1. Would you mention how many residues in the stretch 69-126 are in contact with a Phe, Trp or Tyr (Cβ under 9 Å, 6 or more places away or on another chain), touching a residue at least 60 places away in the same chain (Cβ under 8 Å) and not hydrophobic (A, V, I, L, M, F, W, C)?
2. Identify, please: which residue in the stretch 96-136 is more than 24 Å from Ala242 (Cα to Cα) and out of contact with any Leu (no Cβ under 8 Å at 6 or more places or on another chain) and is, among those, surrounded by the most Cβ atoms within 10 Å (Cβ to Cβ)?
3. Could you tell me which residue of the stretch 157-196 is nearest to Pro97 (Cα to Cα), considering only residues that are surrounded by fewer than 19 Cβ atoms within 10 Å (Cβ to Cβ) and hydroxyl-bearing (Ser, Thr, Tyr)?
4. Considering (1) over 24 Å from Gln83 (Cβ atoms); (2) modelled with pLDDT of 85 or more; (3) surrounded by fewer than 18 Cβ atoms within 10 Å (Cβ to Cβ), say which one Pro202 fails and leave the rest.
5. Please find, among Ser221, Ser260, the residue that is assigned to a loop (DSSP other than H, G, I, E, B), modelled with pLDDT of 85 or more, of a type in the set (Ser, Thr, Tyr) and touching a Leu at 6+ places or on another chain (Cβ under 9 Å).
6. Could you go through the stretch 4-20 and let me know if any residue there is surrounded by fewer than 23 Cβ atoms within 10 Å (Cβ to Cβ) and in contact with a Phe, Trp or Tyr (Cβ under 9 Å, 6 or more places away or on another chain).
7. Going through the stretch 15-44 one residue at a time, which ones are in contact (Cβ under 8 Å) with a residue 60 or more places away in the chain, within 23 Å of Val119 (Cβ to Cβ) and of a type in the set (D, E, K, R)?
8. Name the single residue that is farthest from Ser178 (Cα to Cα) among those in the stretch 58-112 being touching a strand residue (DSSP E or B) at 6+ places or on another chain (Cβ under 6 Å) and of a type in the set (Gly, Ala, Ser).
Amino acid sequence: MQDKIETLRLEGGDELCIIVDEPTSGPRRGDVVLGPVFGATAYSMFPFAYALARNGFRVLRPDFRHHVGLSTGSIEDMRMSEQATDLVTALELADDPLLVAVSLSARPAIRALTLTTGVAGAVLVEPVVDVRATLLEVVGTDHLHDRDDEQPERVLVLDYLVDPLTFVPDCLEHGLASLEDTMAEVERLDVPLTFVAGDADPWVRIADVEAAAGAHRAGGSDTMVVTIPAASHRLNRNPAVAARYIESMARECIRLRGSSDEAIMPSFDEMLQANSDVRRAPRAVPAAAAAAPAG
């Protein structure tokens with residue numbers, strides 16, 4: 001697994017950094033763009049990327065702008081519409097790519113699919129399809145309303161402070177807040193979609209995922225729902241459950257490439273060793289590329 005960083009200088013001066021992992025074995029199956037979970041750097045998405053690379057995929061892992069990681073800005077000013085744009089930028093670097101997004105990044109991933117062409121399919125893992133409902137479960141308060149005078153200066157989301165006066169208007173103005181928004185959007189997509197969801201996830205209701213999948217199916221597109229027995233959302237706290245999600249993701253990516261091959265699932269020890277090897281290896285970090293379109 002070869003690890004290098006592409007740095008794109010976007011219009012307006014922002015930098016978008018993307019880790020690129022070459023496939024390590026097996027038949028070459030093409031490109032996958034991998035969207036990170038909330039509060040996670042592209043580096044921390046290594047287990048997903050390594051499983052894909054072991055199964056023959058070239059993986060592009062963007063660090064969202066105004067998030068954590070190498071790209072421009074702080075997570076305090078995160079905007080989901082901007083994350084959709086960042087995914088589009090990464091997709092445009094790839095050849096006939098698949099799109100994989102995990103947790104909150106599933107919602108901007110769905111938006112990204114409406115903004116570009118040439119994507120072969122998408123796998124949405126623990127997909128947040130109702131941003132309002134998920135954030136209510138996580139923080140205990142419904143901030144996705146349109147009354148600025150009721151918003152605090154900062155909201156602690158997991159371990160990070162987020163400015164609701166940036167995040168909330170962005171979600172509302174761009175139609176990224178509700179399940180109804182998501183259903184209306186996926187119904188218009190003609191891209192194959194797989195939803196990999198826990199049957200008892202406390203932050204993502206399986207009924208909402210099934211509703212979104214049903215809307216996509218109603219539009220006549222290839223739709224798959226893979227249900228994982230899981231009553232947790234934070235995969236970093238349960239490696240065994242995380243392995244089931246990751247294996248299902250890899251298997252669906254292989255299927256979307258038209259193959260019936262079994263997915264290779266590296267062991268936990270193999271992942272640890274591979275991660276250690278990558279961390280120790282020198283990385284190619286090119287100078288910022290020429291100005292690229294922001295999408």
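1. Going through the stretch 69-126 one residue at a time, the tally reaches 9.
2. Out of the qualifying residues, it is Leu115.
3. Ser178
4. (1)
5. Of Ser221, Ser260, the one residue that is assigned to a loop (DSSP other than H, G, I, E, B), modelled with pLDDT of 85 or more, of a type in the set (Ser, Thr, Tyr) and touching a Leu at 6+ places or on another chain (Cβ under 9 Å) is Ser221.
6. no
7. Arg29, Asp31
8. Looking at residues that are touching a strand residue (DSSP E or B) at 6+ places or on another chain (Cβ under 6 Å) and of a type in the set (Gly, Ala, Ser), I get Ala94.
The values are calculated or read from the model by the stated rules, or taken from the named source; none is laboratory data. Fair warning: this is a prediction, and the values are worked out from it, not measured in the lab. Cβ sites come from the backbone with ideal geometry, for glycine too, and all protein chains shown count toward neighbours.
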